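Each reported figure results from applying straightforward, stated rules to the coordinates on display, with no laboratory input. All values derive from a computational prediction rather than experimental measurement. Counting neighbours? That spans all protein chains shown, and the Cβs are built from the backbone with ideal geometry, glycine included.
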Amino acid sequence: MAAATMAAVRKALAVDPATRLSADRVQSIHAASLELLDDPGIWCTGERALAVFEAGGCRTARVSEGGRQDGYRVRIPAAVIERALESAPDEVVLGARDPANTLVLRGKEPKVYFGTGSQANLVLESRMASFRSEEAPEQAAMLPVYSESTGSIAHLCRSAHLAEHLSNVDFFIRNVNAQDESIPSEHRDVNIYFAALLHTTKHVQGGLESLEALQPMLRLAELVATDGAEPGGANPGGANPGHADRGATGRDGSVRGLPVSFIACPVKSPLQMVADTAEKVVAIAEADVPLVISCSPQGGSTAPIQEEGMVAQINAEILAGLTLAQLARPGCPVLYGAVPVRARLDNLHDFYGAPEFVHYNLGCVQMARSYGIPCYSSAGVGDAKRPGMQATVEKLPSHLSVAASGAQYIHYAFGLLDRTNVFSPLQAVLDDGAIGLVKQVVRPCSFSADDLTAAVEEIRSVARSSGVFARRVRKQLRRGVVGDAYAFADDGQADRVLERAQRKLEELYQLEPRRLSDATVDRVYAAVPGLIDRRMFDIR
Amino acid sequence: MSERDMLEEIRRSIIMGHLDAEDEGFDGSMEGTPGTVELVEEALEARTEPQQILTVFNAAMEEVGRLFEAGEYLLPDMLASAECVGEAMDVLEPHLAGTADTQKGTFLIATVKGDLHDIGKNIVITMLKGAGYQVRDLGIDVPADDIVAAVKQHKPQYLGLSALLTTTMTEMETVIRKLKEAGITDVKVIIGGAPTSEEFAQKIGADGHCRDALEAVEKLEALRSAS
């Protein structure tokens, strides 16, 4: 059999990683996490997870603890965790409808991808309107006006279409909670993923609401993976090295990984394994599909507020989930899913604009890198309620810092407002512009000795002639050595960022959807039960 | 190469901002290939009508302007193309003598006394040369009396005054006052520089203010059309 090849994949942003923790502190936190997983260990009520832990060499004891239902204390020995870390692959491949959008994540390599995230209940649509001052009628302005609505499958389709066309979006996590009453609850998963897969050729990721949906979901993903590929082409080696996952073979013989992967949150903080999601972790691991082990403790309520405590606890919780997955199927592809957040101290809501949100995330990125496991991290969330300057200011510290840290897979990065409650397409366009700037800021210095020699010659030459370097900028522009200006910069005196972003949003909505072929859609409808009327997915 | 092909080569060379064989051109890859200056020399040797070459200059710069407006070109591209035309005009001009439409007028320019900044001034020079104006550069830190003397000597249609500092921009008013005192009223004075404004231009009696080099070309074209 000819060896499978990896075709050109989506380019990641390579950085020289900024660090917050010293190597000693990383080791100390690792040791603290191991200590926590031994004592008190994990509280666990799920029979399936319990069986996996017991078979893997963990000590379990049925206990009755005050205020809780009876359950088990699972004490995970350090040796079991170390073995799990060894078996977790360094490289995870996330396929895509368009193979050129395939993502390759390597745990030790600080190469960054940005994507959407959350599952916002509300969508904030916008349009521009003209206003005139009542007091001074000569003063007029164009400003956005908004309408808020409950998330629907139509919003999700438009959001996936938008993500397809925003140049800095590398992957799509379903970012709108489609609450259409016409979708039966048992078929929500396939409809949500189909809506996304239909409108974006980028990698699609999300949770799995029902474990029963896993097999139909995998069938859906397999059919989508073959869209435009050689009919009947099976993936000979699997996209994730050493694993026989369900991809397809492209016309050029290249491996195409599945265009979907999953997120599961097996641990409720602090240190409690949830039966339902732990069972999903085991099932998805056994299916050998890439999986994010995501944990989201809240500093100040469900985790210590100080960063060393927060990072030690979330690290322990992720290691518990990761160990469960590796015990269920050694070598299954997993991402280290860090969503640490701080509590507001007036109401204990999530406080994403807090500096600690950045500190926590940076610590987690370093922990993941020390294990050689790709890091699913969080950036670009804030507390502002409307698109614009305040929202962008709140997002920028995490956008910039987490990218600079070299987290491989940054979710939440586009369009979220009011923490993760609202998705704003206009803010997503603004975030795309801001991330474009962030990419320019954090790219490493790359000049060679030859470049420096050429620069000296250039200075010498210009100093002897016009004294102006402007026309010599062209070569560097075309080489990509210098970046473009901010996408919504204005060349006049007025600041029309929102107006320009809204115009761009409307232009993107007008672009032709990059839908699956009709033949693939027909095959999907024939093979996957529970899909709603196909006209409901039409955004035209 | 046919004459038509030669003219097309010149047009393309200007659009790519490829000055001469030593110039790296649009993307750093054009060094060692003939640029605008060599191509114009070649065309003249082949007895191409100078007026035809001039027409190509205008057409090429129109296209460069369109690319700039469309956001495909940035100012460095525009400057490079303008420099091509400016340098090529020096080659072409002796062959155009006596023919109509050889130039749009003479533009005298100086950075005023006390101010040593000349980047903006030099960019304006490049752009105006590229647009077909005859440009005389008086340099930096030029006293008002020297500027008035130069206006008397060269009789330009336009005078450009540049200053970067709030402390030197007031010297522009002195120049305008001295021009009036000398009885010179037929030169249009355009001012520019970071601290200047339309309001300041009106206050000191200048005929126009330009925010940047592109606006300088536009303002001069407008003044030319109005005269």
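Details
- Taking only the C-alpha atoms of the stretch A:414-494, Rg followed by Dmax gives 18.6, 59 Å.
- For the stretch B:106-226, average projected area of the Cα convex hull in nm²: 6.2 nm²
- Each principal axis of the Cα cloud of chain A was evaluated for its coordinate range; sorted largest first, these ranges are 79, 65, 57 Å.
- Calculated on the Cα set of the stretch A:255-334, radius of gyration then Dmax: 13.5, 45 Å.
- Here is the tail figure for the stretch A:252-411: Cα pairs spaced more than 26 Å apart come to 29 percent of all pairs.
- Cα→Cβ-extended label distance, 7 Å offset, between A:Glu82 and A:Asp495, nm: 5.6 nm
- For A:Glu506, net neighbour charge (Lys/Arg +1, Asp/Glu -1) across residues whose Cβ lies under 13 Å away: +2
- Converting the Cα gyration tensor eigenvalues of the stretch A:28-68 into ellipsoid dimensions via √(5λ) gives semi-axes, longest first, of 20, 15, 8 Å.
- Once the Cβ-Cβ distance of A:Tyr509 and B:Glu218 is raised to the sixth power relative to R0 = 35 Å, the FRET efficiency obtained is 0.50.
- The long axis of helix B:144-154 is offset from the longest Cα principal axis of chain B by roughly 50 degrees.
- The stretch A:82-169: projected area of the alpha-carbon convex hull, averaged over directions, in nm²: 10.7 nm²
- Principal-axis tilt of helix B:50-69 within chain B, Cα atoms, nearest 10 degrees: 70 degrees
- Qualifying GluC sites (Glu not before Pro) in the stretch A:114-179, DSSP loop, other Cβ atoms within 10 Å at most 11: A:Glu134, A:Glu135, A:Glu138
- Cα gyration tensor shape of the stretch A:1-131, rounded if a/c is under 1.5, else prolate or oblate by comparing a/b with b/c: prolate
- Fraction of alpha-carbon pairs over 18 Å apart in the stretch B:3-96 - percent: 38 percent
- A crude spin-label estimate for the pair A:Lys108 and A:Arg535, with each label 7 Å from Cα along the Cβ direction, gives 5.7 nm.
- Extended-chain gain in nm, criterion 0.36 nm per residue less alpha-carbon gap, A:Ala8 and A:Ala55: 12.8 nm
- Bins of 10 Å from zero: percent of alpha-carbon pairs in the stretch A:356-459: 15, 38, 25, 14, 8, 0
- Computed extension length for A:Phe469-A:Ala141: 114.3 nm, one decimal, from 0.36 nm per residue of separation with the Cα-Cα distance subtracted.
- Between 0 and 90°, nearest 10: helix A:497-510 axis offset from chain A longest Cα axis: 70 degrees
- For the stretch B:41-158, the spread of Cα positions along each principal axis, largest first, Å: 47, 39, 21
- FRET efficiency, A:Gln440 to A:Met128 (Cβ-Cβ, R0 25 Å, nearest 0.05): 0.35
- Semi-axes of the equivalent ellipsoid for the stretch A:463-540, computed as √(5λ) from the eigenvalues of its C-alpha gyration tensor and ordered from largest down, come to 48, 20, 8 Å.
- For B:His209, the residues whose modelled amide H falls within less than 5 Å of its own, excluding neighbours fewer than 5 places apart on the same chain, are B:Ile191.
- Over the residues of the protein assembly as shown, the helix contribution to mean residue ellipticity at 222 nm works out to -13500 deg cm²/dmol, using -39500 (n - 2.57) for each DSSP H run of at least 4.
- At 1.306 mPa s and 10 °C, Stokes D of chain B from Kirkwood alpha-carbon radius, µm² per second: 87 µm²/s
- Scattering profile of the stretch A:313-403 at q = 0.11, 0.12, 0.15, 0.20 Å⁻¹ [log10 I(q)/I(0), Debye over alpha-carbon scatterers]: -0.37, -0.44, -0.63, -0.93
- Here the gap between A:Arg460 and A:Glu209, fully extended at 0.36 nm per residue and compared with their Cα-Cα distance, gives a gain of 83.9 nm.
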